[in-house]
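The structure appears right after this line, and notes come after that.
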Amino acid sequence: MGICDSTMRLNTFLLAMAVLLYGAESTVKSRAYFNETGDLPCHFINSQNISVDNLVAFWQDQDKRVLYELYGGKENQKNVHPAYKGRTSLDLDNWTLRLHNVQIKDTGLYQCFIHHKGPHGLVSTHQKSCDLSVFANFSQPEIIPISNRTEDSNNMNFTCLSTHGYPAPKEMYFLLKTKNSTTKYDTVMNIHQNNITGLYTASISLSLPVSPETNASIFCVLQPEPTQTQLVSEPHNIDADAKSPKPPPRPPGHDTLIAVLLLLLLLIVCGPVLCSVLKNKKKKQPGPSRECETTEMEGEESEQAKKRVENRVPGRSDEAQCVVNISKTASGQSFPRSQFKGSYSLQSRAWPWYSGSIIKGRQPTSPNGRDLTKYSLPLALLQN
């Protein structure tokens, strides 16, 4: 009885060890890149030459969702999860399932199962596990200068950025190289993960001391996973010759002196030109119009007219060639200019009613009976 118990315990131990060894050897590591195709091998060897029509094979993920099913030698879409429909294809030559358009969320453990049809149902023939790791290459780091050197400091501010990578990087730093030395500057790395794609963006910022007299080159280095190659940015070169030295301080009153000199120069240049313009303007101004002179008072005009009537000296018929401006009387009435434009005399036909009234010693009236003495008439134009 004791011998049987010992034998049973030994068999159980060996079986457990075999299961562990089988499990360890059955897991295959596979790598895939973001948006590309990944392989999920099954490593099935059909040593018994079982017809594909008598085989049933399927792959499932760690959440027991079916990626692909082969039944009776054909693909069966009925049991495939919607997340994998149209994304898989099977290579029967090496029994490898290809997963297309790999995403970050596809990272994980997958299993394939192969059965054959027996007289009493399906019989398990083969099983394999595959651990899929998904990677995304970070972009080459890019150095972005934030600001130039200030007058009070030789420090220059820089930011380095790298995007669309997975998994998160291990390290990111600056390298400052001069002719005689190379200095590494570590700083806090900022990491942001996109909620949709799962990809990472990494960045660092630093203020670096750069001597104005020294040529220097600045590099940014990103270290992804240890198995991945370092990414180095293009050098950001700082040329000592291109750096402008700090300007010397200006003496007191320097700005005031410059302003006075500019004002004097403006007066010297623009003064003669301004005087010449003013002289030409005065020459071009027209003199007073001599076409019509009405300098005599209305009383004097009346006196001359009376004397001519009393002496019976007919007035001259010389024509007054001007447009008479008739001023308004106290009553606000006036003759239009158009009525006095032309050649008129005291005895002319244009004013018979007016001249007749003066000769007869009556007050001048118009044909409609209006008294005309209240109007300022153009008597000054009637020459002797």
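The values are calculated or read from the model by the stated rules, or taken from the named source; none is laboratory data. Quick caveat, the model's predicted, so the values are computed rather than measured. Note: ideal-geometry Cβ built from the backbone for every residue, glycine included; neighbour counts use all protein chains shown.
List of remarks:
- Per-region count, the range 40-61, residues surrounded by 13 or more Cβ atoms within 10 Å (Cβ to Cβ), free of Cβ contacts under 8 Å to residues at least 60 places away in the same chain and farther than 18 Å from residue 75 by Cβ: 1
- Among residues of the range 183-240, those that are touching a Pro at 6+ places or on another chain (Cβ under 8 Å) and in contact (Cβ under 8 Å) with a residue 24 or more places away in the chain, counted: 17
- Residues in the range 176-220 that are small (Gly, Ala, Ser), more than 30 Å from residue 104 (Cα to Cα) and in contact with a strand residue (DSSP E or B) (Cβ under 6 Å, 6 or more places away or on another chain): 3 in all.
- Residues (modelled with pLDDT under 95, more than 13 Å from residue 168 (Cα to Cα) and not small (Gly, Ala, Ser)) located in the range 202-226: 206, 208, 209, 210, 212, 213, 214, 215, 218
- Top-ranked residue of the range 103-136 - restricted to ones that are assigned to a strand (DSSP E or B) and charged (D, E, K, R), ranked as farthest from the chain's Cα centre (by Cα): 117
- Pick from the range 23-39, criterion of a type in the set (S, T, N, Q) and either touching a helix residue (DSSP H, G or I) at 6+ places or on another chain (Cβ under 8 Å) or at pLDDT 90 or above (or both), ranking: surrounded by the most Cβ atoms within 10 Å (Cβ to Cβ): 30
- Condition met for residue 163 (β-branched (Val, Ile, Thr) and not assigned by TED's automatic domain parsing to the domain that holds residue 233): no
- Condition met for residue 105 (within 24 Å of residue 26 (Cα to Cα) and exposed (fewer than 13 other Cβ atoms within 10 Å of the Cβ)): yes
- Residue in the range 244-251 that is among the charged types (D, E, K, R), over 30 Å from residue 200 (Cα atoms), at pLDDT below 90 and not in a loop (DSSP other than H, G, I, E, B) present: no
- The residue list 238, 143 contains one member that is farther than 29 Å from residue 107 by Cα, under 30 Å from the mean Cα position of the chain (by Cα) and modelled with pLDDT under 90, which is 238.
- Inspection of the range 164-180 finds no residue satisfying the criterion of being within 21 Å of residue 237 (Cβ to Cβ) and under 27 Å from the mean Cα position of the chain (by Cα).
- The set of residues from the range 211-235 being over 32 Å from the mean Cα position of the chain (by Cα) and surrounded by 12 or more Cβ atoms within 10 Å (Cβ to Cβ) comprises 211, 212, 214, 215, 216, 223, 224, 225, 228.
- Meets criteria (at pLDDT 75 or above and under 22 Å from residue 142 (Cα atoms)) for residue 277: no
- Single condition residue 64 does not satisfy, out of (1) under 16 Å from residue 129 (Cβ atoms); (2) surrounded by 17 or more Cβ atoms within 10 Å (Cβ to Cβ): (2)
- For the residues 229, 197, the requirement of being assigned to a loop (DSSP other than H, G, I, E, B), in contact with a helix residue (DSSP H, G or I) (Cβ under 7 Å, 6 or more places away or on another chain), among the β-branched types (Val, Ile, Thr) and modelled with pLDDT of 85 or more singles out 197.
- Count - residues of the range 68-102 that are buried (at least 19 other Cβ atoms within 10 Å of the Cβ), in contact with a Gly (Cβ under 8 Å, 6 or more places away or on another chain) and assigned to a strand (DSSP E or B): 1
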